[in-house]
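Q: Could you have a look at this structure, given as structure tokens, before my questions?
The values are calculated or read from the model by the stated rules, or taken from the named source; none is laboratory data. Here the structure is a predicted model, which means the values were calculated and not measured. Every residue, glycine as well, gets a Cβ built from its backbone with ideal geometry; the counts of neighbours run over all protein chains shown. Note: accessible area is taken over every heavy atom of the protein model, side chains too, but ligands, DNA and RNA are not part of it. Shrake-Rupley method; radii C 1.70, N 1.55, O 1.52, S 1.80 Å.
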Amino acid sequence: MRNKLLADVPAAEHQLELAGISTAVLQGGDGPPLVLLHGPGGSAADWMQVLPALIATHRVVAPDLPGHGSSQVVAGTLDAHRVLDWLQELIERTCESRPVLLGNAVGGAIAARFAAAHGDWVSQLVLADSLGLAPFEPAPQFGAALQAFLAEPTDQSHDELWRYCAHDLPRVQDQLGARWASYRAYNVGRARTPSVMAAIGELMREFGFAPIAEAELAAIAVPTRLIWGRQDLATPLAVAERIAARMGWPLTVIEDCADAAHLEQPEAFLRALGVAAEVPA
């Protein structure tokens, strides 16, 4: 399934040992480095709609988060210190200069905490519908669908959850065409894997449920911007608006979109990043 999802992506996949974690990493393109961190329960394939355009302008590095996708935790638990060490080793091994660090959902929370602690390793920070900026208190319908999927991952519970991850799920399905079935099958298969479920829980516990401490957020000194879907039911737009006003970070709002603009509104997402390109058919 993963091969089908990435068939049109001009990137090579490598397996790197980082902080004791066997990590699947997609790499492709030339230009300024850009590191992409996906959300909980996902993989580097989540970026499939925007990867071709980004690879045309950047040196893109898209790992599977620890314990997710084809990344496997060899030993130990995923505490915050280990995950930040993992990210530092990833950047050291794959980037010749300081990258733009872009994270979605829990990937955004990881990116923000890394930038706070290791700002000299990052040139810019982009947080897309990020967790970690407020307590995780999703809309009730989102929370119920999330719990149902985690309790029993099936095709039906997957699509029911995605009714809330996307503002217009039929549009996403139409855009992906035959790839939607592969995407769903891959996500469901991963969610049925005990080690993946454990990793989701550990990353959410360490980065996703509670907000980043005020002092830690204030330590982010690199240029930072926010990209948010107006209909995000996991972390409402009001959270991004408050953080943008308090921190002075530019905020781009994407209309008709929930918490996964890179899949739901890829062209608008690319424009928000300053990359204008057609997404794959």
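Q: Report, to the nearest whole %, how much of the accessible area of the chain belongs to carbon and sulfur atoms, 1.4 Å probe, protein only.
A: Summing carbon and sulfur atoms, their accessible area is 52 percent of the total for the chain.
Q: Choose one answer from R82, R190, R93: the residue with the largest mean-square fluctuation in a GNM of the chain with alpha-carbon springs under 10 Å.
A: The residue that fluctuates most here is R93.
Q: Could you report the stretch 1-83's accessible area per residue, 1.4 Å probe, as an integer in Å²?
A: Per residue, the stretch 1-83 has 34 Å² of solvent-accessible surface.
Q: Which value, in Å², gives the accessible area per residue of the stretch 142-233 when a 1.4 Å probe is used on the protein heavy atoms?
A: Ligands and nucleic acids excluded, the figure is 46 Å² per residue.
Q: Please identify, among A75, A234, A128, the residue showing maximal mean-square fluctuation in a Gaussian network model of the chain using a 10 angstrom Cα cutoff.
A: Fluctuation is largest for A75.
Q: If I model the chain as equal point scatterers sitting on the Cα atoms and use the Debye formula, what is log10 I(q)/I(0) at q = 0.10, 0.12, 0.15 Å⁻¹?
A: -0.45, -0.67, -1.13
Q: Go ahead and set up a Gaussian network model of the chain, Cα springs under 10 Å, then flag whichever of Q147, Q72, Q49 fluctuates most.
A: Q147
Q: Do the sum for the chain: with -39,500 (n - 2.57) for every DSSP H run of n ≥ 4, divided by all residues, what is the mean residue ellipticity at 222 nm, to the nearest 500 deg cm²/dmol?
A: -12000 deg cm²/dmol
Q: Then there's this: Quick check on the stretch 32-107: take the gyration tensor over C-alpha atoms, sort the square-rooted eigenvalues as a ≥ b ≥ c, and tell me if it's rounded (a/c under 1.5), prolate or oblate.
A: Verdict is oblate for the stretch 32-107.
Q: Still on this structure: Can you pull the semi-axes for the stretch 1-129, root of five times each eigenvalue of the Cα gyration tensor, sorted largest first, whole Å?
A: 20, 18, 13
Q: For the stretch 11-67, what does the alpha-carbon gyration tensor say about shape, rounded, prolate or oblate, given a ≥ b ≥ c as the root eigenvalues, a/c under 1.5 as rounded, and a/b over b/c as prolate?
A: The shape class here is oblate.
Q: Shifting gears a bit: How much space per residue, in cubic angstrom, does the convex hull of the C-alpha atoms of the stretch 204-259 take up?
A: Given the Cα convex hull of the stretch 204-259, per-residue volume reads 86 Å³.
Q: Continuing with the same structure: Based on alpha-carbon centroids, what's the gap between the stretch 41-79 and the stretch 218-281 in Å, whole number please?
A: Distance between centres, Cα-based: 19 Å.
Q: In addition: Pull out the extension gain between A181 and E255, defined as 0.36 nm times the separation in residues minus the alpha carbon to alpha carbon distance; nm, one decimal.
A: Using 0.36 nm per residue and subtracting the Cα-Cα distance, I get 24.1 nm.
Q: Run the numbers on the chain and let me know its relative contact order in percent, using alpha-carbon pairs under 8 Å that are six or more apart.
A: Taking the mean separation of contacting Cα pairs over the length of the chain, I get 22 percent.
Q: Calculate one ³J(HN,Hα) per residue across the stretch 136-142 by plugging θ = phi - 60° into the Karplus curve 6.51 cos²θ - 1.76 cosθ + 1.60, and present them in order as whole Hz with x for glycine and proline.
A: For the stretch 136-142, the Karplus-derived couplings read 6, 9, x, 4, x, 5, 5 Hz, x marking Gly and Pro.
Q: Run the quick spin-label model on Q15 and D168: label points 7 Å from Cα toward the beta carbon, then report their separation in nm to one decimal.
A: It is 4.1 nm.
Q: Could you sort 1-9, 254-262 so that the peptide with the highest average Cβ count within 10 Å comes first and the rest follow in order?
A: 254-262, 1-9
Q: I need the semi-axes of the equivalent ellipsoid of the stretch 114-184: take the C-alpha gyration tensor, multiply each eigenvalue by 5, square-root it, list largest first in whole angstrom.
A: Semi-axis lengths for the stretch 114-184 are 29, 18, 11 Å.
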